[in-house]
Amino acid sequence: MTGVHPSRGSVSGGTIVSVVGMHWSTADVTCRIGETSPRQGVALSSTLVLCVAPKVSVIGAVAVGVSNNGVDFVSKPGSFVYADKVEITGVFP
């Protein structure tokens, strides 16, 4: 995993998170953001996966993980921050 964009989202959930990496399966991808239950992701290619951040009750930095089998996750600790209020400071890409 080489990147997570955006790096912040609201505790109310719903933020679409782009995860950049290599060798993702385009058939079956699972995402886990923080300690929440894994959810189905969408692989746009073998290098780009989209995940939806779930609603949480605590602000702070969490890991983002992606799995091709729903069990073994490649994670990047602290790569996404849940915030009480989100302010747009730029647009990617």
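Just a few scattered comments:
- Selection of the range 1-38 for residues being charged (D, E, K, R) and surrounded by fewer than 14 Cβ atoms within 10 Å (Cβ to Cβ) yields ASP28, GLU35.
- On inspection, ALA63 qualifies as open to solvent by 20 Å² or more (accessible area, probe 1.4 Å), modelled with pLDDT of 95 or more and under 14 Å from the mean Cα position of the chain (by Cα).
- Where a residue in the range 24-35 is without any contact (Cβ under 8 Å) to a residue 24 or more places away in the chain and its partner, wherever it lies, is open to solvent by 20 Å² or more (accessible area, probe 1.4 Å) and part of a strand (DSSP E or B), with Cβ under 7 Å and at least six apart: THR26/ALA43; THR26/SER45
The values are calculated or read from the model by the stated rules, or taken from the named source; none is laboratory data. Values in this document were obtained by computation on a predicted structure and should not be read as measured data. Every residue, glycine among them, receives a Cβ derived from its backbone with ideal geometry; neighbour counts consider all protein chains shown. Please note that ligands, DNA and RNA were not included when accessible areas were found on the heavy atoms of the full protein model with its side chains. Shrake-Rupley method; radii C 1.70, N 1.55, O 1.52, S 1.80 Å.
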